[in-house]
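Undergrad: Before I ask anything, here is the structure I am working with.
The values are calculated or read from the model by the stated rules, or taken from the named source; none is laboratory data. Just so it is clear, the structure is predicted and the values come from calculations on it, not from any experiment. Heads up, the Cβs are rebuilt from the backbone with ideal geometry, glycines too, and the neighbour counts pull from every protein chain shown.
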Amino acid sequence: MKKLLVLGFAVLITACASKKEGNMIVNGQIKGLKKGTLYLQKIENDTVLKTIDSVAILGSDLFTLTANVDEPEMYYLTFDGNTTNKYITFFAEKGTITINDDVSKFGLNPTITGSKNQDILNDYNKIAKRFNEQNLDMIEKKFFAQKANNKDSVAILDKQHERLVRRRYMVTVNFALNNKDNHVAPYLALTELVNANIKWLDTINTSLAPNVKNSLYGKKLNKFIADIKKADANN
């Protein structure tokens, strides 16, 4: 069955009063940002993008935002509330997290330090980037093969793409298993493996450390798997 992405971007935004206290401090610099508003946000109930804190930038491109974080969770740093093409995602954790970026390329390649889970996710993103580059190369080759009506080449490229997808799944599963003590593991399962074989999702789910299994993403993963099995049983 086709599995739907369970961690999507929210369609509804709510705001709360700005506060300057919490167990997480997010600070840094957005070079070139002289005027505007930065928002610290997170998704609630899978549909609502809630503003936790905000800061107006007037003249200085330095910022400080705060929040109370119960457990590692994906947060969003947005510019003027624009979540369409100007946002930075990062794993929020207790402590101080520093985010540096440039307003002209906001969200494309920020430097984020201070979050253990973010560091692990960065390592995975480097692996994913290589797979993405290989995939783009195959798409280009297939385009020219189709244009030349070379059916044999198209068939070969289709097989290569299937192997690439399977290899990416296996690498992601192994990465999650190697990081089963961190919240990144169920997060990757929910964002990178939604269309993977259910047995791989089960393997990750059963390997999670107890505290991770009982976390936000651990519970989401467990429910996601249960929903798939229920739907398959009814078909």
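Undergrad: Please name all residue pairs, on different chains or six or more residues apart, with Cβ atoms under 6 Å, provided the first residue is in the range 51-78 and is farther than 27 Å from GLY218 by Cα and the second residue is in a loop (DSSP other than H, G, I, E, B).
TA: SER54/SER18; ILE57/LEU33; ASP61/LEU33
Undergrad: Determine whether the range 126-139 contains at least one residue that is buried (at least 18 other Cβ atoms within 10 Å of the Cβ) and either modelled with pLDDT of 95 or more or β-branched (Val, Ile, Thr) (or both). Walk me through how you get there before you give the answer.
TA: To start, the set of residues in the range 126-139 that are buried (at least 18 other Cβ atoms within 10 Å of the Cβ) comprises none.
Scanning the range 126-139, I find no residue that is buried (at least 18 other Cβ atoms within 10 Å of the Cβ) and either modelled with pLDDT of 95 or more or β-branched (Val, Ile, Thr) (or both), so the answer is no.
Undergrad: Please determine, by comparing only the residues of the range 36-91 that are out of contact with any strand residue (DSSP E or B) (no Cβ under 7 Å at 6 or more places or on another chain) and assigned to a strand (DSSP E or B), which one is farthest from PRO186 (Cα to Cα).
TA: ASN82
Undergrad: Mind checking which residues of the range 205-223 are closer than 28 Å to LEU164 by Cα and surrounded by 22 or more Cβ atoms within 10 Å (Cβ to Cβ)?
TA: Result: LEU208, TYR217, GLY218, LEU221.
Undergrad: Now for a different question. Pick from the range 107-122 the residues that are in contact (Cβ under 8 Å) with a residue 40 or more places away in the chain and out of contact with any Ser or Thr (no Cβ under 9 Å at 6 or more places or on another chain): which of them is farthest from LEU65 (Cα to Cα)?
TA: First pass over the range 107-122, keeping only residues in contact (Cβ under 8 Å) with a residue 40 or more places away in the chain: 115-117, 120-121.
Among the residues that remain, those that are also out of contact with any Ser or Thr (no Cβ under 9 Å at 6 or more places or on another chain) are: 115-117, 120.
Details: SER115: 15, LYS116: 19, ASN117: 19, ILE120: 23 Å.
Looking at residues that are in contact (Cβ under 8 Å) with a residue 40 or more places away in the chain and out of contact with any Ser or Thr (no Cβ under 9 Å at 6 or more places or on another chain), I get ILE120.
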